[in-house]
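**Student:** Here it is, the structure, as structure tokens.
The values are calculated or read from the model by the stated rules, or taken from the named source; none is laboratory data. Bear in mind the structure is a predicted one, so any value in this text is a computation, not a measurement. Positions of Cβ are generated from backbone atoms using ideal geometry, with glycine treated the same way; all protein chains shown enter the neighbour counts.
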Amino acid sequence: MRGAATVVIVAASWCVAIVAAAVAAVWLADVRILAAVALAVCLVVAWVGAWYTGRRLDRRQSYAVVTAVASVLVFAVAAATIVARPLPSDPRADQPSAAPEDVRYWDLTTGSQLAYRHLRATGAARPTPVIFVGGGPGEAVVNNPAKADPYRELTRLGYDVYLYDQIGAGLSARLSNPADYTVDRHVADLEAIRRALGADQLTLIGASWGGSLVASYLAAHPTRVAKAVLTSPAPMDYARWPDAGDIAAHLPDAQRQRAEDLMPGNPRFITWYGLGIVNPVAAHNFIPDDEADAFFDTFLNIVRPATVCDPDNLSDVYETGNGLYANVFTTRDAASGAQSHVQAQLETSPTPAMIITGECNYIPWAPTAEYATTLPNATLLCLPNAGHAVELDRPDLYRRVVQDFLLDQPPAIPATPPTQPCTSEVVPG
């Protein structure tokens, strides 16, 4: 009986040692080769330990110990094989994003290399450029022609229009440490863009997360924004609105299930997510950008129908190039309180602002209306029969209200009071 207990205790001890060493190797190693070496050392130590233990026990006991350790090793290899299986993705998401012929790059003083397109003014030139700030976080903008379409007419009004991919998204560079994707980094990049253009002020058009980023930039640089258009903006302070819209909830049942099946229970995703909390660099080494972005592209293309009132208004183009690390870590930073100062600073902002939303926008009314009640010089418009992507559901009306605002003309539709929600319930088909 005592011999059996010894076998159990020794085998359990080695099992714990193997698992602990394996976890420590992945957690502590920021470089893949170091992780591989650490795991190899772990296996060697386990084998030597089993052999040494076997010498001190009789043949039956040593056989039991070696069998127990070998079983653990087999289980570990099987688990590693499952965890090593790439995240699921659509084959179309694995294709590299095509760069437009007119793509250019800024090498900013922040260290960011950002891809951008410049739609040059054809009318009488105006001194203030228009910058389109994309959503996500992590949305690919430059390689998506549809992103530029709503703003081409502004060039005939004399505006130089720039569309750019934020750091970690689209054709822009990725960061080696995902923890560097922060709200402050995006704000600093936008300010560096202004300096690179030599512009005293910018007119900013921010969509979704881009609206939230514009608000953060306006709070940090209040004199540098001539006008701001916030299209279906995400909350100005993510920490105050942690549940501001569940995009998957607006999908038909079958499509919602497809989106949900990508996430829960995937061992590789769970391991990656846990690593991202304790060691972002190790998480980045565990799942590289290409794999992470293809997974993110797959998810976003599944949920795209929830961004519009009428799915027929979506193009057939499969959108790629979205950045998962930029999305997860920027959102995590925003939700941690990085924007807690924004609202108080915007309460005295004289900058003219227009907030545009759609009646079936999946983002709730309250965080949207908060922009109108916070910014003293704001106008709130709700476009009928439009969803989160108002420019896709109502392209002509969207272009009209943006142009009217920039030209100081009355809006084409009546303003909506912040106290009068214009949302209509979206019923999944």
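**Student:** Residue check, residue 302 against (1) surrounded by fewer than 18 Cβ atoms within 10 Å (Cβ to Cβ); (2) in contact (Cβ under 8 Å) with a residue 40 or more places away in the chain; (3) in a helix (DSSP H, G or I), all met but one. Which one?
**Tutor:** (1)
**Student:** For residue 179, state whether it is farther than 21 Å from residue 387 by Cα, within 18 Å of the chain's Cα centre (by Cα) and assigned by the TED database to the domain that holds residue 128. Let's see the steps before the verdict.
**Tutor:** Working: farther than 21 Å from residue 387 by Cα: yes; within 18 Å of the chain's Cα centre (by Cα): yes; assigned by the TED database to the domain that holds residue 128: yes.
Criteria met by residue 179.
**Student:** Within the stretch 174-184, does at least one residue satisfy the condition of being more than 24 Å from residue 236 (Cβ to Cβ), in contact (Cβ under 8 Å) with a residue 12 or more places away in the chain and either touching a strand residue (DSSP E or B) at 6+ places or on another chain (Cβ under 8 Å) or of a type in the set (A, V, I, L, M, F, W, C) (or both)?
**Tutor:** Of the stretch 174-184, the ones more than 24 Å from residue 236 (Cβ to Cβ) are 174-177.
Next cut, in contact (Cβ under 8 Å) with a residue 12 or more places away in the chain only: 174-177.
Those still in the list that are either touching a strand residue (DSSP E or B) at 6+ places or on another chain (Cβ under 8 Å) or of a type in the set (A, V, I, L, M, F, W, C) (or both) too: 175.
Yes.
**Student:** Moving on. Tell me, please, whether a residue that is of a type outside the set (D, E, K, R), within 23 Å of residue 85 (Cβ to Cβ) and either outside any helix (DSSP H, G or I) or without any contact (Cβ under 8 Å) to a residue 12 or more places away in the chain (or both) can be found in the stretch 216-235. Give the derivation first.
**Tutor:** We begin by selecting, within the stretch 216-235, every residue of a type outside the set (D, E, K, R); these are 216-223, 225-226, 228-235.
Going one step further and asking which of them are within 23 Å of residue 85 (Cβ to Cβ), we end up with none.
Checking the stretch 216-235: not a single residue is of a type outside the set (D, E, K, R), within 23 Å of residue 85 (Cβ to Cβ) and either outside any helix (DSSP H, G or I) or without any contact (Cβ under 8 Å) to a residue 12 or more places away in the chain (or both).
**Student:** I'm told residue 351 meets every condition in (1) surrounded by fewer than 15 Cβ atoms within 10 Å (Cβ to Cβ); (2) in contact (Cβ under 8 Å) with a residue 60 or more places away in the chain except one. Can you identify the failing condition by its number?
**Tutor:** Unmet for residue 351, out of (1) surrounded by fewer than 15 Cβ atoms within 10 Å (Cβ to Cβ); (2) in contact (Cβ under 8 Å) with a residue 60 or more places away in the chain: (1).
**Student:** Which one of the conditions (1) buried (at least 24 other Cβ atoms within 10 Å of the Cβ); (2) assigned to a strand (DSSP E or B) does residue 213 fail to meet, given that it meets all the rest?
**Tutor:** For residue 213, the exception is condition (2).
**Student:** Something else now. Considering only strands (runs of 3 or more DSSP E) fully contained in the stretch 81-142, which possess at least 3 residues that are of a type outside the set (D, E, K, R)? Working first, answer last.
**Tutor:** Working: elements: 104-107, 113-119, 130-133.
Answer list for the stretch 81-142: 113-119, 130-133.
**Student:** Can you pull out every residue in the stretch 380-418 that is surrounded by 18 or more Cβ atoms within 10 Å (Cβ to Cβ) and among the β-branched types (Val, Ile, Thr)?
**Tutor:** 390, 401, 402, 416
**Student:** Shifting gears a bit: How many residues, within the stretch 315-346, are crowded, with 24+ Cβ neighbours inside 10 Å and more than 20 Å from residue 182 (Cβ to Cβ)?
**Tutor:** Selection size over the stretch 315-346: 2.
**Student:** Is there a residue in the stretch 282-293 that is closer than 19 Å to residue 245 by Cβ, outside any loop (DSSP other than H, G, I, E, B) and in the same structural domain as residue 169 (by the TED database)? Quick ask: steps written out before the conclusion?
**Tutor:** First pass over the stretch 282-293, keeping only residues closer than 19 Å to residue 245 by Cβ: none.
No, the stretch 282-293 contains no residue that is closer than 19 Å to residue 245 by Cβ, outside any loop (DSSP other than H, G, I, E, B) and in the same structural domain as residue 169 (by the TED database).
**Student:** Further, regarding this structure: Please indicate, with yes or no, whether at least one residue in the stretch 145-164 is more than 22 Å from residue 210 (Cβ to Cβ) and buried (at least 19 other Cβ atoms within 10 Å of the Cβ). Can you show your working first?
**Tutor:** From the stretch 145-164, those more than 22 Å from residue 210 (Cβ to Cβ) are 156, 158; that's our starting set.
Next cut, buried (at least 19 other Cβ atoms within 10 Å of the Cβ) only: none.
Taking every residue of the stretch 145-164 in turn, none turns out to be more than 22 Å from residue 210 (Cβ to Cβ) and buried (at least 19 other Cβ atoms within 10 Å of the Cβ).
**Student:** Out of all the residues in the stretch 194-211, which are of a type in the set (Val, Ile, Thr) and within 16 Å of residue 140 (Cα to Cα)?
**Tutor:** The first filter runs over the stretch 194-211 and keeps only residues of a type in the set (Val, Ile, Thr), leaving 203, 205.
Matches in the stretch 194-211: 205 only.
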